[in-house]
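Note sheet for the following structure.
The values are calculated or read from the model by the stated rules, or taken from the named source; none is laboratory data. Keep in mind it's a predicted model, so treat the numbers as computed, not measured. Cβ placement follows ideal geometry from the backbone for every residue including glycine, while neighbour counts extend to all protein chains displayed.
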Amino acid sequence: MAIAGAGQLNTREAPTWGSRSVDCFEKLEQIGEGTYGQVYMAREIRTGEIVALKKIRMDNEREGFPITAIREIKILKKLHHENVIKLKEIVTSPGPEKDDQGRPDGNKYKGGIYMVFEYMDHDLTGLADRPGMRFSVPQIKCYMRQLLTGLHYCHVNQVLHRDIKGSNLLIDNEGNLKLADFGLARSYSIDHNGNLTNRVITLWYRPPELLLGTTKYGPAVDMWSVGCIFAELLHGKPIFPGKDEPEQASKIWELCGAPDENIWPGVSKYPWYNNLKPTRPLKRRLREVFRHFDRHALELLEKMLTLDPEKRISAKDALDAEYFWIDPLPCDPKSLPKYEASHEFQTKKKRQQQRQHDEAAKRQKIQHQQQQHSRIPPPMQQQSGQAHAQMRPGPPNAPMHGSQPQLVAGGGGPGHHYGKPRGGPSGGSNRYPQGGNPSGGGYNHHPNRGSGPYPPPQAYGRGAGGNSSYAGGPPNYSQGSGSYSGAGGPGGGRGNARGQQYNNWQ
Ligand code: AMP
């Protein structure tokens with residue numbers, strides 16, 4: 001990883017940044033594991049303010065400060081928007097860090113550097129994964145509109161986020177959504193002539209042009225990810241859960257059709273087109289597969305999940321889509337329910353504990369049954385127990401919940417610098433509504449990951465089992481209440497003559 005001299009940090013814009021010690025904060029608990037370090041909830045001792053401290057991992061850096069952290073700091077310092085996370089300051093811990101007993105930590109790193117952020121109660125993945133979680137249509141519209149507003153602001157300021165996904169969308173208990181984790185973000189020039197790396201964006205949210213190897217791209221890459229999130233919110237689980245690049249590409253072709261020169265002029269010139277193009281003709285099936293979505297939602301989704309990046313809808317135009325301007329309107333963020341804090345890191349941990357607990361209980365139950373049914377003396381009991389376990393009625397052992405492969409974005413290809421482990425975004429749980437058609441009750445969360453309360457799934461995709469099946473369910477969730485006109489809320493309101501509210505951002 002490229003490095004920069006230590007003296008390059010914080011010297012120009014804000015000399016006071018970096019001057020305070022992390023001792024000004026009391027660490028409360030770990031809430032995340034980031035691209036380059038842990039994230040903690042912490043309290044500022046003097047003011048009592050709750051913040052998030054993101055530690056910049058230095059143990060892999062032999063010669064200085066990681067360039068990704070410098071980029072994130074530089075970019076966040078220039079972005080000021082209610083839908084972009086606020087970086088408050090940088091703090092340091094001067095000496096070797098202390099362990100729990102106050103002894104110097106054996107860690108090679110001599111001092112710690114932390115980014116101090118405003119604290120957010122949830123990330124979208126963690127929130128969606130809460131047991132029994134149901135998002136209403138106005139709520140989905142509210143989150144989507146804030147996501148698009150924040151992203152439009154970034155794009156106007158010529159910043160590509162390059163890692164839009166649920167765990168990077170932070171939500172507070174006031175219903176505000178903010179883009180976070182700018183560790184892969186970078187500035188771009190409008191002419192798109194720069195050579196950029198195509199090894200960015202977590203695999204499930206990565207657009208086809210990056211999979212096909214382009215190094216010249218722009219804001220459309222983020223809009224593909226937004227389309228994936230939107231579909232995920234409506235569908236209840238990730239729509240393209242590929243385990244490596246070829247599978248990722250084929251999942252996209254199966255839903256969005258084969259990329260050819262007719263629909264995407266120039267595609268056959270992309271570096272990896274010949275390796276990843278489908279081997280048989282494939283029609284676009286998005287409308288068919290998601291026919292149970294609301295018409296306006298589907299219309300918008302079509303425009304986001306457009307293969308040709310030149311034709312893909314921009315954040316600005318998406319904000320103008322009918323979807324956001326017809327009943328039920330996006331709700332006022334403040335009207336949203338307040339939830340106990342939920343970050344992906346924590347929900348994963350809780351699920352893991354629950355799984356261990358369930359397995360222990362199951363083992364105990366089997367043991368108990370064996371003891372009850374068996375009248376055979378001890379030496380034979382064991383044998384019998386084994387046979388019994390193999391022959392017990394019912395379906396064969398279901399795959400363990402959460403047993404999806406750990407995803408490392410980019411399929412671990414050589415030179416891939418994005419190594420954030422991604423245990424399938426909290427799994428393919430059906431955590432969202434069953435359809436996009438605003439007409440019924442709430443959304444059914446189903447704790448069984450990968451299988452949902454849908455009618456028999458209409459399978460699609462290549463033998464990837466439950467993960468890749470889409471199900472058309474009857475619309476069953478309500479329009480909810482608390483719609484609001486949008487005026488003054490994130491994204492502005494119709495009174496602002498759609499789209500005119502973004503003029504002073506540059
Ligand atoms: P990041 O490295 O920024 O992706 O952070 C990893 C995880 O830490 C996120 O998915 C969040 O769950 C959590 N996190 C990051 N920043 C904050 C914040 N400002 N407030 C609360 N949680 C955060």
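Yes or no: Ile263 assigned to a loop (DSSP other than H, G, I, E, B) and either free of Cβ contacts under 8 Å to residues at least 60 places away in the same chain or not assigned by TED's automatic domain parsing to the domain that holds Tyr143 (or both)? Considered against the rule, which asks whether it is assigned to a loop (DSSP other than H, G, I, E, B) and either free of Cβ contacts under 8 Å to residues at least 60 places away in the same chain or not assigned by TED's automatic domain parsing to the domain that holds Tyr143 (or both), Ile263 comes out as yes. Scanning for something surrounded by fewer than 20 Cβ atoms within 10 Å (Cβ to Cβ), at pLDDT 95 or above, within 11 Å of the ligand (Cβ to nearest atom) and under 18 Å from the mean Cα position of the chain (by Cα), does segment 167-184 turn up at least one residue? The answer is yes, given that some residue of segment 167-184 is surrounded by fewer than 20 Cβ atoms within 10 Å (Cβ to Cβ), at pLDDT 95 or above, within 11 Å of the ligand (Cβ to nearest atom) and under 18 Å from the mean Cα position of the chain (by Cα). Scanning segment 208-227 for residues that are polar (S, T, N, Q) and more than 18 Å from the chain's Cα centre (by Cα) yields Thr214, Thr215.
Residue by residue, here is whether (1) away from the ligand (no atom under 11 Å from the Cβ); (2) modelled with pLDDT of 80 or more; (3) touching a His at 6+ places or on another chain (Cβ under 9 Å) holds:
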site: Ala6; (1), (2), (3): yes, no, no
site: Pro15; (1), (2), (3): yes, no, no
site: Gly37; (1), (2), (3): no, no, no
site: Glu44; (1), (2), (3): yes, yes, no
site: Glu49; (1), (2), (3): yes, yes, no
site: Leu53; (1), (2), (3): no, yes, no
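Considering (1) in contact with a Pro (Cβ under 8 Å, 6 or more places away or on another chain); (2) part of a loop (DSSP other than H, G, I, E, B); (3) buried (at least 24 other Cβ atoms within 10 Å of the Cβ), the lone condition that Lys237 does not fulfil carries the number (1). Restricted to helices (runs of 4 or more DSSP H) entirely inside segment 114-232, those with at least 2 residues that are assigned by TED's automatic domain parsing to the domain that holds Pro246 and among the charged types (D, E, K, R) are 137-156.
The condition (being of a type in the set (Gly, Ala, Ser) and either in contact with a Leu (Cβ under 8 Å, 6 or more places away or on another chain) or within 10 Å of the ligand (Cβ to nearest atom) (or both)) is satisfied by just one residue among Gly150, Gly112: Gly150. If you scan segment 126-144, which residues turn out to be within 16 Å of the ligand (Cβ to nearest atom) and at pLDDT below 95? Scanning segment 126-144 gives Gly126, Leu127, Ala128, Asp129, Arg130, Met133. Among the residues of segment 186-245, those that are of a type in the set (A, V, I, L, M, F, W, C), in contact with a Lys or Arg (Cβ under 9 Å, 6 or more places away or on another chain) and farther than 23 Å from Val137 by Cα comprise Leu196, Val200, Ile201, Leu203, Trp204, Leu210, Leu212, Ala220, Val221.
Within segment 216-252, the set of residues being touching a strand residue (DSSP E or B) at 6+ places or on another chain (Cβ under 9 Å) and either within 14 Å of Leu307 (Cβ to Cβ) or among the aromatic types (Phe, Trp, Tyr) (or both) comprises Tyr217, Val221. Among the residues of segment 329-351, those identified as in a helix (DSSP H, G or I) and within 16 Å of the ligand (Cβ to nearest atom) are Glu344, Phe345, Gln346, Thr347, Lys348, Lys349, Lys350, Arg351.
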